[in-house]
Amino acid sequence: MPEPMDAFDDVRPALDCLDLLPGPVAAAIRDWRGTVPVEQFHYVDTDPAIADTAVLVGQHGSWLLEQSANCVVVAGKRGGAVTLAACVVLSHTRVDVNGAVRRELGARKASFAPMDTAVGESGMEYGGITPIGLPESWPLLLDAAVVDTPYTLIGSGSRRGKLIVPGKALAELPGVTVLDGLGTVPGE
């Protein structure tokens with residue numbers, strides 16, 4: 001089975017591309033202390049016009065859909081308190097916001113965070129938000145299927161470029177909770 005690196009001509013070590021990444025992402029990679037070696041983190045330069053997953057996999061290979069993950073920012077509300085959290089699921093699935101996310105956050109209501117909030121609080125560009133470098137105070141909900149992916153194509157914090165990292169490295173990020181069933185297949 002091909003790996004995400006096989007879809008791109010120019011795959012570089014992420015450590016060699018820190019100047020191409022937003023500050024929080026670059027700092028998280030530079031300061032990485034997980035058991036997965038940071039040398040297994042890769043960067044690929046991509047056109048910002050094709051940053052959206054459907055367009056990217058359409059251009060680079062539909063097989064990438066099952067080896068790509070999306071990171072979305074959600075807002076859980078209970079009373080007057082709002083908790084921002086990030087959710088990472090494989091790209092061919094959708095985040096179970098009203099079920100798994102709401103229960104995990106102990107929220108009465110959960111929804112996708114407004115774009116201005118997601119961008120402003122993460123320090124990343126909309127359409128490129130990545131779990132690497134998010135505020136450590138945020139809960140990070142990670143679908144177990146992402147952890148099981150040998151290499152996962154994710155955002156780089158910017159619409160230009162993507163990161164390719166071992167799925168198990170994402171399970172070592174601050175504030176992470178690995179959940180079965182966080183991502184649901186549409187129509188099932």
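The values are calculated or read from the model by the stated rules, or taken from the named source; none is laboratory data. What you see is a predicted model, and the numbers here were worked out from it, not measured in a lab. Positions of Cβ are generated from backbone atoms using ideal geometry, with glycine treated the same way; all protein chains shown enter the neighbour counts. Each accessible area value is taken on the protein alone, full model and side chains, heavy atoms only, with ligands, DNA and RNA left out. Shrake-Rupley method; radii C 1.70, N 1.55, O 1.52, S 1.80 Å.
Of all residues in the range 12-33, which are surrounded by fewer than 16 Cβ atoms within 10 Å (Cβ to Cβ) and touching a residue at least 40 places away in the same chain (Cβ under 8 Å)?
Scanning the range 12-33 gives Gly23, Ala27.
Which pairs turn up if I take residues in the range 127-147 that are farther than 17 Å from Leu182 by Cα and modelled with pLDDT under 95 and look for partners that are part of a loop (DSSP other than H, G, I, E, B) and among the acidic types (Asp, Glu) with beta carbon separation below 7 Å, at least 6 apart in sequence or on another chain?
Once the first residue is farther than 17 Å from Leu182 by Cα and modelled with pLDDT under 95 and sits in the range 127-147, its partners that are part of a loop (DSSP other than H, G, I, E, B) and among the acidic types (Asp, Glu) give Gly127/Asp52.
Among the residues that make up the range 35-44, is at least one of them part of a loop (DSSP other than H, G, I, E, B), open to solvent by 80 Å² or more (accessible area, probe 1.4 Å) and modelled with pLDDT of 95 or more?
Yes, the range 35-44 contains at least one residue that is part of a loop (DSSP other than H, G, I, E, B), open to solvent by 80 Å² or more (accessible area, probe 1.4 Å) and modelled with pLDDT of 95 or more.
Under the condition of being small (Gly, Ala, Ser) and surrounded by 21 or more Cβ atoms within 10 Å (Cβ to Cβ), which residue from the range 45-74 is farthest from Leu141 (Cα to Cα)?
That would be Ser68.
Could you check, for the range 102-112, whether at least one of its residues is in contact with a Leu (Cβ under 7 Å, 6 or more places away or on another chain), of a type in the set (D, E, K, R) and under 23 Å from Ala28 (Cβ atoms)?
So far as the range 102-112 goes, yes, one or more of its residues are in contact with a Leu (Cβ under 7 Å, 6 or more places away or on another chain), of a type in the set (D, E, K, R) and under 23 Å from Ala28 (Cβ atoms).
Determine whether the range 40-49 contains at least one residue that is under 11 Å from Arg160 (Cβ atoms), of a type in the set (A, V, I, L, M, F, W, C), free of Cβ contacts under 8 Å to residues at least 40 places away in the same chain and out of contact with any Gly (no Cβ under 8 Å at 6 or more places or on another chain).
Scanning the range 40-49 turns up at least one residue that is under 11 Å from Arg160 (Cβ atoms), of a type in the set (A, V, I, L, M, F, W, C), free of Cβ contacts under 8 Å to residues at least 40 places away in the same chain and out of contact with any Gly (no Cβ under 8 Å at 6 or more places or on another chain).
Run down Val82, Val89 and say which single residue is open to solvent by 70 Å² or more (accessible area, probe 1.4 Å) and outside any helix (DSSP H, G or I).
Val82
Residues that are free of Cβ contacts under 8 Å to residues at least 24 places away in the same chain, assigned to a helix (DSSP H, G or I) and of a type in the set (A, V, I, L, M): does the range 64-75 have at least one?
no
Only one of these conditions is not met by Ile132: (1) within 20 Å of Gly23 (Cβ to Cβ); (2) open to solvent by 10 Å² or more (accessible area, probe 1.4 Å). Which number is it?
(2)
If you check Gly167 against the conditions, is it crowded, with 16+ Cβ neighbours inside 10 Å, modelled with pLDDT of 95 or more and out of contact with any strand residue (DSSP E or B) (no Cβ under 8 Å at 6 or more places or on another chain)?
Against the criterion (crowded, with 16+ Cβ neighbours inside 10 Å, modelled with pLDDT of 95 or more and out of contact with any strand residue (DSSP E or B) (no Cβ under 8 Å at 6 or more places or on another chain)), Gly167 does not qualify.
Can you name the condition, by its number, that Thr149 falls short on among (1) touching a Ser or Thr at 6+ places or on another chain (Cβ under 7 Å); (2) buried (at least 21 other Cβ atoms within 10 Å of the Cβ)?
Tallying (1) touching a Ser or Thr at 6+ places or on another chain (Cβ under 7 Å); (2) buried (at least 21 other Cβ atoms within 10 Å of the Cβ), Thr149 fails exactly one: (1).
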